[in-house]
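Trainee: Input: one structure, supplied below.
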Amino acid sequence: MRYLEFFIFGLIFGIILTKSQVISWFRVHKMFTFQETHMYLVIGSAVITAAIAIQILKLFNIKSLSGDPIDFSGKPYTKGVIIGGLLFGVGWSITGACPGPIFAQIGSGAWPALFTFAGALLGAFFYGLLKPRLPH
């Protein structure tokens, strides 16, 4: 039954991604070439929503689903974070997708997203393989 809840939540999230056009390669391309503000406005509204949600979580001392306290401490910036962020941005600009929208792209019939999905799986595999030797 729990998997059904996750599936329904993912389905709704995919519909929202599709309707807001954030799964469009053209929208992502226009964002990275500074041709339109659509994606910046969507991302900005997500940041504002998350900031408000975090303040509510802190204010009411809300615990995680498992009952553990939520840790809001920041993580230090390291060379690995900077390199990983740059690789993520380059991959996003080339494929037009970060991990969440890949599934929405596939679900909407954008079959080239299967290559993006395969690349994400390979990237995760190689990260796991090379993790001990990478800067963290």
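Trainee: Could you give the dipole magnitude of the chain about its Cα centre, charging the beta-carbon of Lys and Arg +1 and that of Asp and Glu -1, in debye to the nearest 20? List each step's numbers first, then the result.
Mentor: On the way: 10 positive and 4 negative charges, 45 e Å.
In total the dipole reaches around 220 debye.
Trainee: Report the net charge of residues surrounding Thr37, where surrounding means a beta-carbon distance below 14 angstrom and charges are Lys +1, Arg +1, Asp -1, Glu -1. Don't skip to the end; give the middle numbers.
Mentor: Working: positive: Arg27, Lys30; negative: Glu36.
Local charge sum for Thr37: +1.
Trainee: Let me ask something else about it. Rounded if a/c is under 1.5, else prolate if a/b beats b/c, else oblate: with a ≥ b ≥ c from the C-alpha gyration tensor eigenvalues square-rooted, which is region 77-136? Walk me through the numbers on the way to the answer.
Mentor: On the way: a/c = 3.29, a/b = 1.92, b/c = 1.72.
Since a/c reaches 1.5 and a/b is larger than b/c, the shape of region 77-136 is classed as prolate.
Trainee: Of the labelled options [x] 116; [y] 132; [z] 161, which one gives volume of the Cα convex hull per residue in Å³ as computed for this structure?
Mentor: Recomputing volume of the Cα convex hull per residue in Å³ here gives the entry labelled [z].
Trainee: Over 16 Å, how big is the tail of the calculated P(r) for region 49-114, in percent of all Cα pairs? Before the final figure, lay out the partial values.
Mentor: On the way: 1443 of 2145 pairs.
For region 49-114, the fraction of Cα-Cα distances above 16 Å is 67 percent.
Every number here is computed from the coordinates shown, using simple stated rules; none is lab data. Since the structure is predicted, the reported quantities are computational estimates derived from the model, not experimental observations. FYI the Cβ positions are ideal-geometry reconstructions off the backbone, even for glycines, and counts take in every protein chain you see.
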